[in-house]
Amino acid sequence: MLTDAEERLVEDVLEVGEVIERDTFEFMIEEGLPAEELRILGSDGSAETAIKSLESRGLVTTERVEETVRDSSSPEESILIPGTDFERVERRYVRFTDELEARYRE
């Protein structure tokens, strides 16, 4: 059984995932999303709590991945603008497990 915060996180991910032309659970199991993006869904802090709770029960996995990202001062800047800098960052990716999908669908 999932807590209210956990269920809300999964439902929010599924709702956002409706825009991709792929099963959201499949995407979250295979590829996942950075925890920072999931925190936006639970701006009250509940997403991070739900992630930690789900991870402690083996319903999600997290992995730290180093990526190169554009470091710009404004979203309007383009990758083509000279002087745009890039930086290496470490992101924590969250992936669902098959067990989470089974529990959610119960």
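The values are calculated or read from the model by the stated rules, or taken from the named source; none is laboratory data. This structure is a prediction, so every number in the text was calculated from the model and none was measured. A quick note on method: Cβ atoms are made from the backbone with ideal geometry, for glycine too, and the neighbour counts reach across all protein chains shown. The accessibility values were calculated without ligands, DNA or RNA, using every heavy atom of the protein model including side chains. Shrake-Rupley method; radii C 1.70, N 1.55, O 1.52, S 1.80 Å.
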Task: Where GLU30 falls short, out of the listed (1) modelled with pLDDT of 90 or more; (2) over 15 Å from ARG103 (Cβ atoms); (3) surrounded by 13 or more Cβ atoms within 10 Å (Cβ to Cβ); (4) not small (Gly, Ala, Ser) - done: (3)
Open item on the list: Take the conditions under 19 Å from MET1 (Cβ atoms), in a helix (DSSP H, G or I) and at pLDDT 85 or above and apply them to LEU54. Does it pass?
Closed with: yes
Task: Whichever residue in segment 46-62 is charged (D, E, K, R) and more than 9 Å from VAL94 (Cβ to Cβ) and, among such residues, is least open to solvent (accessible area, probe 1.4 Å) - done: GLU48
Task: Answer from THR84, THR24 - the residue that is open to solvent by less than 40 Å² (accessible area, probe 1.4 Å) and at pLDDT below 90 - done: THR84
